[in-house]
Amino acid sequence: MSPIPAPFRHAVPADFEALLPLAISTAPGFVETLWSRLTAEGEAPEAFGRRAQIDFIDKKHTIVAESDKQIAAMLISFPIEDKQKQFVEDVDEMLAPVTKLYATAPGVWYIHMIATSPEFQGHGLSSKLMRLSEEQAIEAGYSEISLLVTDNNE
C-alpha cells in the first residue's frame, strides 16, 4: 500500500474521542439511534460506538486529516467482501440499506463514513479524502466505489 500523504494518516485508538463527533455528524440522530439498537445487554450506546470505531481503526479502515494538531476530517472506507452475503429480512430495519448493499455489491470499495469538522469545512479536505479513497480502491484492485447517504444528510 502506498504511503498516505500529509496531512492524512491512519487513525490510532487515541483518536477515538475526536472521531466520535465526526462519526455522529455523518447522520445526526441516526448514528446514536443505531448504536442504541445494536448494544449488548447493559451496554451504553457510546460503548458500542467506541467498539465499532476502534475495530475500524484496528483494521486500518480509518484515515484522518490533521490540522494544527487537531483531527479535522475522517474517512472510513474498505472493500465489501467478494463473497455474496445473503440479505436477511429480519435484520434491523436501520441496517437494511447497507445490508442490501453488502449483498448486491460484492467486490466494491465502500465509503462507510466521511466527515469534516465544521471549523475546517471549505478547505477541500473531504474532496481530498474522497480522492485518497479512490486511489486506495484502485491500488487494491477495485474499479467501483459505493457510498450510502441518509436522506437527512445535507
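Any read-out appearing in this document is the output of simple, stated calculations on the displayed coordinates, not a laboratory observation. Every value quoted in this text rests on a predicted model; they were computed, and no experiment measured them. A quick note on method: Cβ atoms are made from the backbone with ideal geometry, for glycine too, and the neighbour counts reach across all protein chains shown.
Structure above, values below:
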read-out	value
Positive-pole candidate from Met130, Thr39, Pro3, dipole of the chain, charges at beta carbon	Pro3
Span-rule helices in the chain, defined as complete DSSP H runs reaching 15 Å or more along the axis (Cα) with Kyte mean at least -1.0	45-58, 125-139
D_trans [Stokes-Einstein, Kirkwood Rh over alpha-carbon pairs] for the chain, 37 °C, 0.692 mPa s, µm² s⁻¹	202 µm²/s
